[in-house]
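The structure under discussion appears below in the form of structure tokens.
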Amino acid sequence: MPQLADFSPFRELPPEGRRLLAHGTLHRHLPSATPLLHKGQRASGAYFVLEGRLRVYSLAPNGTEATLYEINPGETCVFALNSLFNDLLYPAWVQAMTATTLVVLPSDTYRQLFAEQAAIRDFTIRTLSTLVFHLMGQLEEVHAYTLRQRLANLLLTQASATGELRMTQQQMGFHLGTTREVVARLLGEWVSSGLIRTGRGATWLLDSSALARLLEVDGNTG
């Protein structure tokens, strides 16, 4: 299993930084779909994924979920960093998308690393900046794309090189902030048109070019 010191910027730390990194860190393993944080909770430190993937999402009063961003191996939860430095409660929900192993760096430890190690400062600033642009891009997509286009974009950007997307229709709905029924209807249309093939917990792209053309023009608001 990879260790936190295997990922940048921690592999760049000098010996004293590595000793501090090893002090008080907590390893956690989450089965798929296990909650990690909820809105209003106090974040206990900086969360770094070693294996698996976490989903950070918002929850509307009617129960609709919408993915804000995902945390992949070597990445950290930016909202938790913001809470850590500003003494704020966590503003969203976090759940494991797959079986996930992560490391929690206590708040005091991360603050000390930030104060003493330039590599940690640079990483933190880049991470915070990247999220701002990512969220702006998502906001523009919500306003500019129809739901049909957003679903097509999800398939095109999240599928593997072989054209396979391991995601249930419920998970797609969570990601897009809509219901499983709406996703199922749109996918069913594309199955009938020969653009995709669906199976239990997976979708296969058969005509990615046709899906990409939906992003150029789509008069149906889905």
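Do you know which residues across the stretch 73-90 are in contact with a helix residue (DSSP H, G or I) (Cβ under 6 Å, 6 or more places away or on another chain) and either over 20 Å from ARG121 (Cα atoms) or outside the structural domain of VAL56 (by TED's automatic domain parsing) (or both)? It would help to see each step written out before you state the result.
In the first step, residues of the stretch 73-90 are kept if they are in contact with a helix residue (DSSP H, G or I) (Cβ under 6 Å, 6 or more places away or on another chain); the result is 78, 84, 90.
Selection gives TYR90 alone.
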Would you tally the residues in the stretch 81-90 being at pLDDT 90 or above and outside any helix (DSSP H, G or I)?
1
How do the helices (runs of 4 or more DSSP H) wholly within the stretch 154-217 filter down when requiring 1 or more residues that are aliphatic (A, V, I, L, M), outside the structural domain of MET97 (by TED's automatic domain parsing) and surrounded by fewer than 18 Cβ atoms within 10 Å (Cβ to Cβ): which remain?
180-192, 208-214
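Working carefully through the options GLY24, GLY52, GLY74, find the one that is over 18 Å from the mean Cα position of the chain (by Cα) and either more than 17 Å from LEU105 (Cα to Cα) or small (Gly, Ala, Ser) (or both).
Selected residue: GLY24, the only one of GLY24, GLY52, GLY74 that is over 18 Å from the mean Cα position of the chain (by Cα) and either more than 17 Å from LEU105 (Cα to Cα) or small (Gly, Ala, Ser) (or both).
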Would you confirm whether or not the stretch 60-82 contains a residue that is touching a residue at least 40 places away in the same chain (Cβ under 8 Å), loosely packed, with under 14 Cβ neighbours inside 10 Å and farther than 20 Å from THR100 by Cα?
yes
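Any idea which of LEU26, LEU36 is of a type in the set (A, V, I, L, M) and surrounded by 14 or more Cβ atoms within 10 Å (Cβ to Cβ)?
LEU36
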Any residue that is more than 20 Å from LEU131 (Cα to Cα) and at pLDDT 90 or above - is there at least one of those in the stretch 46-68?
yes
Only residues in the stretch 95-110 that are surrounded by fewer than 18 Cβ atoms within 10 Å (Cβ to Cβ) count as the first member; pair them with residues that are hydroxyl-bearing (Ser, Thr, Tyr), Cβ under 8 angstrom, at least 6 apart or cross-chain, and list the lot.
THR98/SER32; ALA99/SER32; PRO106/THR25; PRO106/SER44
Turns out the strands (runs of 3 or more DSSP E) fully within the stretch 1-80 with at least 1 residues that are touching a Leu at 6+ places or on another chain (Cβ under 7 Å) and not hydrophobic (A, V, I, L, M, F, W, C) are 26-30, 45-51, 54-59, 65-71
Filter the stretch 194-208 down to residues that are small (Gly, Ala, Ser) and under 24 Å from the mean Cα position of the chain (by Cα) and give me whichever is nearest to ASN153 (Cα to Cα).
SER208
When the residues of the stretch 167-204 are filtered to those that are modelled with pLDDT of 90 or more and β-branched (Val, Ile, Thr), which remaining residue is nearest to TYR69 (Cα to Cα)?
THR168
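The values are calculated or read from the model by the stated rules, or taken from the named source; none is laboratory data. Just so you know, these numbers come straight off a predicted model, no measurement behind them. FYI the Cβ positions are ideal-geometry reconstructions off the backbone, even for glycines, and counts take in every protein chain you see.
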